[in-house]
Every structure is written in C-alpha cells, then in structure tokens.
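In what follows, a structure is listed as structure tokens, so that the remarks can point back to it.
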Amino acid sequence: MRVLVIGNGGREHALALALARDPEVSEVHAAPGNPGMAACAELHGVDPRLDIMDGTAVASLAAAIGTDLVVIGPEAPLAAGVADAVRALGMACFGPSAAAAVLEGSKAFAKDVMAAAEVPTAAALVCVSTAEVTGALSELGPPYVVKDDGLAAGKGVVVTDDRSVALEHAALVLSPSGGGRVVVEEFLDGPEVSLFAITDGSTVVPLQPAQDFKRIHDGDLGPNTGGMGAYTPLPWAPADLIDEVCARVLQPTVDELGRRGTPFQGLLYAGLALTARGVRVIEFNARFGDPETQPLLALLDESAGPGLGALLLAAAESRLHELPPPRWRDAAAVAVVMASRGYPASSSHGDQITGIADAAALDGVTVVHAGTDLAGPGPAAGQLVTAGGRVLAVVGVGPTVADARGRAYAGVQKIDFPGKQYRTDIAAAAG
Ligand code: AMP
Ligand code: GLY
C-alpha cells in the first residue's frame, strides 16, 4: 500500500516512521513533511510549498502519486474539509469530515454532543459578552477555567485563581481579533490522560493511554503549550480505564455523531481528567495528539498485530471490525520536546541544530523532527536549522518508564541549538 501523510510536524514524522515499519505499506510519501521525514518518506510539495489547507491541491497530489490512503495529520486542514476533498475524488482518507471535525473546532459543539450522549465532562457556560463571563465566573467559582471556543492550538485556555487574569483572557477572546465565544468551565482536578481511538464511524479501537505535559516549565508552571513531552504506558492508571472510557466516552460520542448524520471517521482524541468523582472529558481532538503520538507509535508492535497502515486503511474503508486489535510492545516510551527560544509566546527560526546524529545513535533513542528546516542560500546553506516553536522530540524506549526516560534525556544532552528549551521532569513522577 502507498500512503501519503499530510503535515510537517512531530506527529506526522511519528506517523511516517510507524507507517514505514508496517509490512503492508510499500511506500510512504509526505507533503510537505520535514527534513527528518526524508529518511523514511518521499517528500512532495516542498518547493513550491503545498498549501495543506487547499483540499483540491492535496487531492490532486494524492491522485498524481497514486496513493491507496491519505492520512491528514493536523486539525486545521481537517476543519477546512481537506479529507472531504480527498474522498470526493474516490480515494481512501484517514481523517474526519469538516462536519465531524467540529468536535475539536468548537468546544460549545463538543459540549452539546457530550450532553446528548451523556458523556461525563466539566460543567460549562458559553458566553458572548463580558457580562455573561462575569456571571459565569461567579457561578462556577475559582479556580477559573476560561477557553476560546475555537481552535487555538492548545493555547486558548487559561486556568487561574486570579479573577482579573480570567477576565483579561475572556476580553481577548471577545475582542474583534479573538474568536468571539468564551467557554467558562468548572475546574477539573486530578491527573490528565490522553486516550486515542481509531474509529471508522461505528467500530472504536482504543490505543494505549498516554500522558502529555502541557506547561512550558518544570513542575507544570508557566503558560500552556502544544505539549512539552509525553509518555506511555501509564503504570499508575486504573486497570479498567480503557474499557470505562470506551463505554462511557468514546463509543457514545462516535454513536452520537453517527446519529447526527456526521459520522466521525479518523482519530478521536479524548483528553481526560481522572477526578475524585470519576473520569471527565476535558476536550476532544479530531486527530492524533502531538507529542503523545511520538512515544505511543514507538511501541506499536506490528509483528504481533496490525500495523499502522492496516489500521488506518481499515478505518478509512469502514471495516475496522475485521481487524484484530493493535498490540503494544511490553516496554515504555518517553518523548521530551525541545522547543525554540521564545516558545510558546513566539518561536525562533534559523538557529543551527547540532548533535542529532549522535543522539539517534544511542540505543533506544529516536529523534523526531517537528519545527526543523534546511537553511537556504548563504554560508549555512543546507544545514539543519530551527523553524518553529517545537523543534524536536527525543523519544526513548526501554523496559520501564524510568529507563526510557533516561534514554530520552541522554539523547537531549547530545543536541544543541541557541535558545533551546526543554523540561527536565517529563515522566519523572511515573518512575
Ligand atoms: P484544552 O485546550 O481544552 O485541552 O485545555 C488545555 C489544558 O488546560 C488542559 O490540558 C488542562 O491542563 C487545562 N484545562 C482545560 N480545561 C480544564 C478544566 N475544566 N479543569 C482543569 N484544567 C483544565
Ligand atoms: N498534546 C496535545 C494535543 O495534541 O492537543
């Protein structure tokens, strides 16, 4: 099978690596991809650059390559209907329709679906004015959780005890340059878990739970980011977590979207809080998580069960029930993200990156590229440079979380670029 991956981040590199391991996948293509992906995929749409938001352009590229499956990585093209455009040309595509991707694109819509499907989540009030926000903050009380209703790449959420900070964030969202709708939520206490499921719109195949570290600094301090690291499995998670989340969250949500005539086919990402009162959904995403996908797919065992290509194609072709469940290596994986100067407020570009080959030469270490590029004409032409906020994820795999963590950080120590930032406590509490 010939597979085309759309996107250029760490998630897409991790997808390409796992697809390349699948014996049923003969060719991996990526557009536009990143320099790291060139080792496991043929890159397209690099120069001139493919606009991945342009469904016609993506579908034409897929047709020209003769792909058997298109996998769309990021949320923005899904929300823009790129999966619909690919399917309209008769090609198999892994990723929800624009209509189903609203589950991620609008928190208010997600709340509505959850209410209809009786999925446990935080109480929430949708506000369109300062007066409504003020009322909602008083009603729900501190700590305050204030969210931009729309897509904000993980940065639209403020959790604070300071009412003025909460009001400031709401004002920003309500301002003409903001999204216009604010969601004020009940605060959920307890550890967070990311649980992904591959679904064809009726069958739900859960993957292994992972944990993401959203804040920029050690000790979960500082602003939210897209994610600074992740690990899997979670040795502390309750044994029945997957079954419970499938029964109470994933299957009811998939069934509800089907009932509404907008079946969800793709990756359903449940961001969960394990509170004292039980599991609650914090958010849904309509695509693989980044960076959770990096450690998760590192453990997918295609020698014992279906490979990633087989799973995604079966989902795209509505025959997921025919496949045995995926199997996971009896090991742990930890990913540590290295971010560029200024992230998450800004990001830096053009800083030279060294040491990746030394890191990747370590046993059990893989370097996954995200915001990297090759320098253009000039003295540094062709050298690997930073090109975004999250630059790399160093993934360590070992028999235990502690061992995998040690390997990931040994890799991180080998890599250098000006202004690099990384957390030193990823997975520390887990072993
Ligand atoms: P979201 O974009 O909705 O995933 O939120 C990003 C992060 O904000 C989550 O991973 C949580 O750490 C935090 N968060 C969001 N909603 C809540 C909530 N209701 N209670 C506590 N923390 C939250
Ligand atoms: N790691 C969080 C996300 O992918 O949204």
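Descriptive notes on the structure:
- Here the accessible area is traced with a 1.4 Å probe on the protein chains. For the chain, carbon and sulfur cover 53 percent of it.
- Dipole of the chain, positive direction: furthest Cα of Ser177, Val245, Ile198, with charges on the beta-carbon: Ser177
- Hypothetical label at Leu89: residues of the range 5-35 whose amide nitrogen lies under 15 Å (7 Å Cα-Cβ projection): 5-7, 29-32
- This model, with +1 at the C-beta of Lys and Arg and -1 at the C-beta of Asp and Glu, gives the range 337-431 a dipole about its Cα centre of some 180 debye.
- Of Ala14, Ala30, Ala123, the one that fluctuates the most in a GNM where the chain has Cα springs shorter than 10 Å: Ala123
- Computed over the chain, the per-residue total of -39500 (n - 2.57) for DSSP H runs of n ≥ 4 gives a 222 nm mean residue ellipticity of -8000 deg cm²/dmol, rounded to 500.
- For peptides 282-294, 156-168, sequence by mean Cβ density within 10 Å, most packed first: 282-294, 156-168
- Under 15 Å, Cβ to Cβ, from Glu27 - net charge with Lys/Arg +1 and Asp/Glu -1: -2
- Rolling a 1.4 Å probe over the protein chains gives Lys111 an accessible area of about 30 Å².
- Three-way shape label, the chain, alpha-carbon gyration tensor, a/c 1.5: rounded
- DSSP assigns beta bridges within the chain; of those with both partners inside it, close to 80 percent run antiparallel.
- Other-chain or far-sequence residues with amide H under 5 Å of Asp212's (modelled H): Ser194
- With θ taken as phi - 60° and the Karplus curve 6.51 cos²θ - 1.76 cosθ + 1.60 applied, the whole-hertz 3J(HN,Hα) list for the range 360-373 is 5, 6, 5, 5, x, 10, 10, 9, 9, 7, 10, x, 10, 8 Hz, x standing for glycine and proline.
- Contour excess over end-to-end distance, with Cα ends at Asp161 and Ser177 and 0.36 nm allotted per residue: 3.2 nm
- Sites Ala131 and Arg49 - FRET efficiency at Förster radius 56 Å, r taken between beta-carbons, to 0.05: 0.80
- Positive dipole terminus of the range 1-125, leading residue within Pro77, Asn8, Thr121 (C-beta point charges): Thr121
- Applied to the range 71-88, the Karplus parametrisation 6.51 cos²θ - 1.76 cosθ + 1.60 on θ = phi - 60° returns per-residue 3J(HN,Hα) values of 10, 9, x, x, 6, 4, x, 5, 4, 7, x, 5, 5, 4, 5, 5, 5, 4 Hz, with x for Gly and Pro.
- Accessible-area value, Arg21, 1.4 Å probe, nucleic acids and ligands omitted, Å²: 90
- Under a 5 Å amide H cut-off, with hydrogens placed 1.01 Å from N, Ala30 pairs with Val5, Glu42, Leu43, His44 among residues at least 5 apart or on other chains.
- Pair Asp255, Gln413: separation of 7 Å Cα→Cβ label points (nm): 5.2
- Surface accessible to a 1.4 Å probe, per residue, for the residues of the range 3-152, Å²: 36
- Overall, the chain carries a charge dipole of about 360 debye about its Cα centre when +1 sits on the Cβ of Lys and Arg and -1 on the Cβ of Asp and Glu, all other atoms neutral.
- When the surface is traced with a 1.4 Å probe over the full set of protein chains, His349 keeps roughly 120 Å² accessible.
- The length gained by stretching the chain between Leu221 and Ala116 to full extension, at 0.36 nm per residue less their Cα-Cα distance, is 34.3 nm.
- Sites Asp301 and Ala39 - FRET efficiency at Förster radius 22 Å, r taken between beta-carbons, to 0.05: 0.55
- Interchain or long-range residues, amide H under 5 Å from Asp351's placed H: Thr386
- R0 of 30 Å, Cβ-Cβ distance Ala63-Asp363: FRET efficiency to nearest 0.05: 0.10
- Cα gyration tensor, the range 243-347 - rounded (a/c under 1.5), prolate or oblate: oblate
The values are calculated or read from the model by the stated rules, or taken from the named source; none is laboratory data. The structure presented is a predicted model; accordingly, all values stated were derived computationally and were not measured. Cβ: placed from backbone, ideal geometry, glycine included. Neighbour counts: every protein chain shown. Note: areas computed on protein heavy atoms with side chains; ligands, DNA, RNA excluded. Shrake-Rupley method; radii C 1.70, N 1.55, O 1.52, S 1.80 Å.
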